[in-house]
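The structure under discussion appears below in the form of structure tokens.
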Number of protein chains: 2
Amino acid sequence: MEKIIQDMALKARKASRKVATAGTAAKNRALALLCESLAADREMIQAENQKDVDAARERGLSAAMVDRLTLSDKVMDAMIQGVREVALLPDPVGTMGEVRLRPSGIRVGKMRIPLGVIAMIYESRPNVTVDAAALCLKAGNAVILRGGSEAFYSNMALAKTVQSALEGAGLPAHAVQVLPMTDREALPFLLQQEELIDLVIPRGGEGLIRFVTENSRIPVLKHYKGVCHLYVDVDADKEKALAILMNAKCQRPGVCNALETLLVHEKVADSFLPLAAEALEGAGVLLRGCPRTCALVKNAEPATDADWPSEYLDLILSVKVVDSLDDAMDHISLYNSGHTESIITENWSRAWRFIREVDASAVMVNASTRFNDGGELGLGAEIGISTSKLHAYGPMGLVELTTEKFVVFGDGQVRA
Amino acid sequence: MEKIIQDMALKARKASRKVATAGTAAKNRALALLCESLAADREMIQAENQKDVDAARERGLSAAMVDRLTLSDKVMDAMIQGVREVALLPDPVGTMGEVRLRPSGIRVGKMRIPLGVIAMIYESRPNVTVDAAALCLKAGNAVILRGGSEAFYSNMALAKTVQSALEGAGLPAHAVQVLPMTDREALPFLLQQEELIDLVIPRGGEGLIRFVTENSRIPVLKHYKGVCHLYVDVDADKEKALAILMNAKCQRPGVCNALETLLVHEKVADSFLPLAAEALEGAGVLLRGCPRTCALVKNAEPATDADWPSEYLDLILSVKVVDSLDDAMDHISLYNSGHTESIITENWSRAWRFIREVDASAVMVNASTRFNDGGELGLGAEIGISTSKLHAYGPMGLVELTTEKFVVFGDGQVRA
């Protein structure tokens, strides 16, 4: 097993040198071919996917799980559309910012370059295989993908299609490889290839991410849980607050930028909370409140200590009445997941204190937490949302899959 | 021991929240007070330093080692001047780049924020204690410093001075702490505080850096060895090549951006190499050459396989004749340390191929490798040169000790 993984990493390293210097046209040609192949191979891919779906049903996985696994025509179409969008994004590789003239006479700039080899470890839907492959390739990286066991046949079929597209565009097939083993015992071998792999991106449950962090000698960019808060300040516009609350909690409760905790200033709690509770309950949201909340909202259950750090990913919301902005920020700091925090206020000074002092990958004023997304923030497609502070904090698009090197343009200069 | 370290990390975390939001004026006041205190406490610091120096002499450390350890008046003056320069650098914290209007109506920008808590692990001169403290503080971070055992008394004395300056400026003393233990057994406890520490920067020998990488759950930015190459192309201007060669190899051979290997195109080897060898030998440089080099330079010793990956940090140079630019780039890729690579050529296309294709934190054309330095490249003071690709690649100044968060300015927007 160790041998197979090391061999894959070596091949990825070698391929990464080729894709790193490949032109934009060649990379886009590979992506265009991938769209064609995904359409042409649709039946083959869906037949392989059916094996995974059948196995999942046999093992008694929930209907929701089976649904997430299924590569329906609609999912295949969305996958193809996703690849098309990546092809349209500007290529970050080789771009340079300002070039400055230094007192020594050298000119200094920074050039964007690929990271090299990326390992992506995920548990989710098989379409992640294609999304991640397209993003890594466009950013000039080679990628080793390790999906979940329940999507094994689907992922292997998709890998085959991706590799044929790469070869059709004159790029090395090993630039995208899927690990042909899905047991967790294989992971440490992958995570110790620190000479060959530059970055590991785990996406999935807390257990997987912890396992990867503890076993990796390679830098890890964590896509972790989001315990997002909305703080309704004493000077909040209540209409805006209500609209944002409903959007943040209810539009798509199962995603990481959905709201999990509502904090309300004590001076507006009695006017705002009953109103908010009515709307939330109308949308099927269960409330778990602090004692002051429960006194104002009769259907709220009492919250326990387990509620405040919880990422429900469901139609449940914890609610707390706070004394002040400082009280709200202390609560956020205590249960900080580094994801998304939003304040609703018309007060300039408190808005700016919140912006400056809250530590999260995205801090918002009078906007829904749901905006923490690569597309909405202007990055284009994203490979995940980093809650690590190093390298990237927040949504990671093409630029975040690259780094910069210094370039010195000289004319014979030596150091004095 | 574990308890002490965890307690320090907790205090650092708490202090980091205060320094993260401290204004530029308060941080600069602390740095100004530090300059004053270093001058006022000079005798106390030098008396403590004398204990380290005496112990080093007793243990029979080399004169060079004792010299590096000694806080002479000259070293103290340079240390104070260094802090003064950090105070003059622009504060990166709170700055924002372009703010864009998105189709949804939200305005999106990125704000620079401190990383949080940094652990710096080093073996070198005690003045690193003050340099690192000043840089981390100015960037709004708390820092835990762990110096070498041979500088224990010096580092504890310097920490005391730094902490009194912090308190004088109304900042928390725990923003800068020196670990009161220097045995390697203590390190793993520090390196597992991944909930409290955001970044580890090891500086020192290969053994230390490997130990830190293998034992850390916290992201590590490596300041690793530099095996820097100079490639003299067939179209090199020989005068520039010679001047740059001498500067890169001889100006300060003991530093990581000094030259270790010279690569010469076969068509200019017979005219350039004897000339270069004469100048190098005149400066006391020993040459270790490939067979073709040894045929042209009579005093060159034959190089062995151990020479090409070597960072000599001394007046020794390995020399190889290559067939082409590709041959040179293959050699560089094989022995790549990700530090600094330079080409000497007047040929436009080959210069640009070298810039695009060589993977190093700094790639240079017609300039000395010695320019890979925070001051020379325009970053101001540096905390080290990262040869890791994640987060920072190359010299790390104040900006590299920070990260960015997204800020969303809304007016009630919800996601469609």
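The values are calculated or read from the model by the stated rules, or taken from the named source; none is laboratory data. All values reported here derive from a predicted model rather than from experimental measurement. Virtual Cβ from ideal backbone geometry, glycine too; neighbours counted across all protein chains shown. What goes into the accessible areas is simple: the full protein's heavy atoms, side chains included, and nothing from ligands, DNA or RNA. Shrake-Rupley method; radii C 1.70, N 1.55, O 1.52, S 1.80 Å.
Annotations for the structure displayed:
- Per residue, the solvent-accessible area of the stretch B:228-376 (1.4 Å probe, heavy atoms of protein chains only, all protein chains present) comes to 37 Å².
- Principal-axis tilt of helix B:152-168 within chain B, Cα atoms, nearest 10 degrees: 50 degrees
- Cβ-defined net charge surrounding residue A:11, 13 Å radius [Lys, Arg +1; Asp, Glu -1]: +4
- Once the Cβ-Cβ distance of residue A:99 and residue A:298 is raised to the sixth power relative to R0 = 60 Å, the FRET efficiency obtained is 0.35.
- Its Cα centre serving as origin, chain A has a Cβ charge dipole (Lys and Arg +1, Asp and Glu -1) of approximately 1660 debye.
- Ranked from shortest, the separations from the 7 Å Cα-to-Cβ label point of residue B:411 to its equivalents in the other copies are 5.0 nm.
- Chains A and B together bury roughly 6200 Å² of accessible surface, counting both sides and using a 1.4 Å probe on protein heavy atoms.
- Cα shape, the stretch B:228-376, gyration tensor, a/c 1.5 rule: rounded
- Between residue A:333 and residue A:32, the simple spin-label model (points 7 angstrom out along Cα→Cβ) gives 5.5 nm.
- Label zone at residue B:239, where the point sits 7 Å out along the Cα-to-Cβ direction: the stretch A:372-412 residues whose backbone N lies under 20 Å: A:410-412
- Amide H contacts of residue B:403 (H built 1.01 Å from N, in plane; Pro and chain starts excluded): B:113, B:115 sit under 5 Å, all sequence-distant by 5 or more or on other chains.
- The charge dipole of the stretch B:228-376, taken about the Cα centre with unit charges on the Cβ atoms of Lys, Arg (+1) and Asp, Glu (-1), comes to about 220 debye, rounded to the nearest 20.
- Think of chain A as having a plus end and a minus end, set by charges on the Cβ of Lys, Arg, Asp and Glu; of A:361, A:56, A:113, A:113 sits farthest toward the positive end of this dipole.
- Peptide-level mean, for B:352-362, of C-beta atoms on other protein chains within 10 Å: 4
- Karplus-derived 3J(HN,Hα), 6.51/-1.76/1.60, for each residue of the stretch B:184-189, Hz, glycine and proline x: 5, 4, 6, 4, x, 4
- Averaged over peptide A:61-70, the number of partner chain Cβ atoms lying within 10 Å of each residue's Cβ comes to 0.
- Theoretical ellipticity at 222 nm over chain A - DSSP helices of four or more residues, -39500 (n - 2.57) apiece, nearest 500: -13500 deg cm²/dmol
- Folded to 0 to 90 degrees: helix B:325-334 orientation relative to chain B principal axis, Cα: 50 degrees
- Between A:297, A:334, A:347, the Cα set farthest toward the positive side of the dipole of the stretch A:228-376 (charges on each charged residue's Cβ, about the Cα centre) is that of A:297.
- Whether the stretch A:1-140 is rounded, prolate or oblate, judged on the alpha carbon gyration tensor where a/c under 1.5 counts as rounded: prolate
- Residue pairs exceeding 21 angstrom between C-alpha atoms, taken from A:18/A:405; A:14/B:389; A:222/A:320; A:389/B:14; B:138/B:405: A:222/A:320.
- Other protein chain Cβ atoms within 10 Å, averaged over every residue that makes up B:98-110: 3
- The peptide list B:386-395, A:162-171, A:75-84, B:358-367, put in order of mean Cβ contacts within 10 Å with the highest first, becomes B:358-367, B:386-395, A:162-171, A:75-84.
- Of B:398, B:186, B:408, farthest towards positive along the dipole that unit charges on Lys, Arg, Asp, Glu beta carbons give chain B: B:408
- Carbon and sulfur %, accessible surface of chain B computed with the full protein complex present, 1.4 Å: 50 percent
- Taking packing as the residue-averaged number of other Cβ atoms within 10 angstrom, the listed peptides A:91-100, B:249-258 run from highest to lowest as B:249-258, A:91-100.
- Linear extension gain, residue A:81 paired with residue A:65, 0.36 nm per residue minus alpha-carbon span: 3.4 nm
- Close amide H partners of residue B:143, meaning residues 5 or more places away or on another chain with modelled amide H under 5 Å apart, are B:118, B:176, B:177.
- Near residue A:286, the amide H atoms lying under 5 Å from its own belong to A:316, A:317; only residues 5 or more places off or on other chains count, and H is placed 1.01 Å from N.
- Size of electric dipole in the protein assembly as shown: Cβ of Lys, Arg +1 and of Asp, Glu -1, about Cα centre, debye, nearest 20: 720 debye
- Based on protein heavy atoms only, the stretch A:52-148 ends up with 42 Å² per residue of surface accessible to a 1.4 Å probe.
- For the peptides A:269-278, B:405-414, residues were scored by their other Cβ atoms within 10 Å and the scores averaged per peptide; the highest-first order is B:405-414, A:269-278.
- Using a 7 Å Cα-to-Cβ projection, residue B:274 label spacings across copies, nm, ascending: 10.2
- Nearest-ten-degree value, helix A:266-282 long axis tilted from longest Cα axis of chain A: 70 degrees
- Interface residues, the stretch A:207-222 - accessible area loss of 30 Å² or more versus chain alone, probe 1.4 Å: A:213, A:214, A:217
- For the stretch A:78-94, Karplus couplings with θ = phi - 60° (6.51, -1.76, 1.60), whole Hz, Gly/Pro x: 5, 5, 4, 4, x, 5, 4, 5, 5, 4, 7, 5, x, 7, x, 6, x
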